[in-house]
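K.L.:
Sharing a structure here in structure tokens format.
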Amino acid sequence: MDIVKNARRLVVKVGSSTLTYENGHMNFKRIEAIARVLSDFVNSGRDVALVTSGAIAVGTAKMGLDHRPTTTEERQAMAAIGQCELMRIYEGFFQNYGHPVGQVLLTRGTIENEISRRNAVNTLNTLFKFGCVPIVNENDTVACEEIEMLDTFGDNDTLSAWVAVMIGADVLIILSDIDGLYDGDPRSKPDAKLIHTVEVIDETIMSYAGGAGSNRGTGGLLTKLKAAKIATEAGIPTFILNGENPEILYELCDGNPIGTYFKANKYVHR
């Protein structure tokens, strides 16, 4: 499988559960590994955009709160605090490997409005031109759809799919806290089997998704499947992998059958 090996433009999405420990504090070892691997991909001549969650979780931990805020206003405030911290850490790690980063905060309105969407695409393409790694997040301080867990971006999973579509990515990779899509919940069904390849995301596939994700984020497998559906229907192959060890991306690039591979709609021409 040479899909990732031959990809020239990738979108990689990481969630709160990948970036933080159970107590909400940042997992520097993992974030550093993400920066190192993605920097290596850029060094090989690829364009890489990183879609990240974690702002609310990081803000909550920074303020010493022992629970995730319950009101929209509090969550937006934690996002504002956490976003600064998150970008500071990303910038430091990527700089260690010779790559500047650019922060891109989007909302659903940005995606839906033709002019603002075109401006966002121009910005992302120019960042690639300058050798930057765009770090994309939803602008939680002004957009409350994700915060209120409505059927919109869903913990940036859907956002990552739309970013992939917008920039004409060759592949979308979603790093999760699970090895991929199983035919049952492996946490409650020990005999659940990992599905290595999904030809079409139909009702049966969607039925394998559980509910919400960890208490450090708002997404779950359902939002990841919705993201995969958006991307594959636009002709972009998608992978869901376990992000516990970011170097797994090298294995994927080498063509090893890891995680779950969602085939792109072969009738779409991009």
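K.L.:
Using +1 on the beta carbon of Lys and Arg, -1 on that of Asp and Glu, and nothing else charged, what's the dipole of the chain about the Cα centre, debye to 20?
P.N.:
Rounded to the nearest 20 debye, it is 680 debye.
K.L.:
In addition: Return the subset of LYS193/LYS263; LYS189/LYS266; LYS62/LYS229; LYS29/LYS229; LYS13/LYS129; LYS62/LYS226 for which the Cα-Cα distance in this structure is over 29 Å, preserving the input order.
P.N.:
LYS189/LYS266; LYS62/LYS229; LYS29/LYS229; LYS62/LYS226
K.L.:
Among all the aspartates and glutamates, which ones have a C-alpha under 16 Å from LYS5's C-alpha, if same-chain residues fewer than 8 places away are not counted?
P.N.:
Correct list for LYS5: ASP40, ASP47, ASP170, GLU247, GLU251, ASP254.
K.L.:
Among the DSSP beta bridges whose two residues both lie in region 9-262, what percent are antiparallel, rounded to the nearest 5?
P.N.:
15
K.L.:
Please give the FRET efficiency for ASN125 paired with ASN96, using the beta carbon to beta carbon distance and R0 = 35 Å, rounded to the nearest 0.05. Please list the in-between numbers first.
P.N.:
Numbers: r = 25 Å, r/R0 = 0.72.
It comes to 0.85.
K.L.:
Students often check this: by mean Cβ neighbours within 10 Å, which of 178-186, 223-231 ranks highest, and how do the rest follow?
P.N.:
Top of the packing list down: 223-231, 178-186.
K.L.:
In whole Hz, with x marking every Gly and Pro, tabulate ³J(HN,Hα) for region 23-31 from phi via Karplus 6.51 cos²θ - 1.76 cosθ + 1.60, θ = phi - 60°.
P.N.:
Values, residue by residue: 7, x, 6, 5, 8, 4, 4, 6, 5 Hz.
K.L.:
How high is the relative contact order of the chain? Use alpha-carbon pairs under 8 Å, at least six apart in sequence, and give a whole percent.
P.N.:
Values: 542 pairs, mean separation 65.3, N = 270.
It rounds to 24 percent for the chain.
K.L.:
Students often check this: by mean Cβ neighbours within 10 Å, which of 113-121, 44-52 ranks highest, and how do the rest follow?
P.N.:
44-52, 113-121
K.L.:
What is the dipole size for region 1-132, taken about its Cα centre, with +1 at each Lys and Arg Cβ and -1 at each Asp and Glu Cβ, in debye to the nearest 20?
P.N.:
Charge dipole of region 1-132: 400 debye, to the nearest 20.
K.L.:
I'd like the FRET efficiency for ARG117 and ALA80, computed as 1/(1 + (r/R0)^6) with the beta carbon distance as r and R0 of 22 Å, rounded to 0.05.
P.N.:
Step by step, r from the Cβ atoms, then E = 0.35.
K.L.:
Go through 97-109, 7-19, 75-87 and give me the packing order, highest mean Cβ count within 10 Å leading.
P.N.:
With the highest mean Cβ count within 10 Å placed first, the list reads 7-19, 75-87, 97-109.
Each reported figure results from applying straightforward, stated rules to the coordinates on display, with no laboratory input. Small disclaimer: the values here were computed from a predicted structure and weren't measured. As a convention, Cβ positions derive from the backbone with ideal geometry for all residues, glycine included, and neighbour counts pool all protein chains shown.
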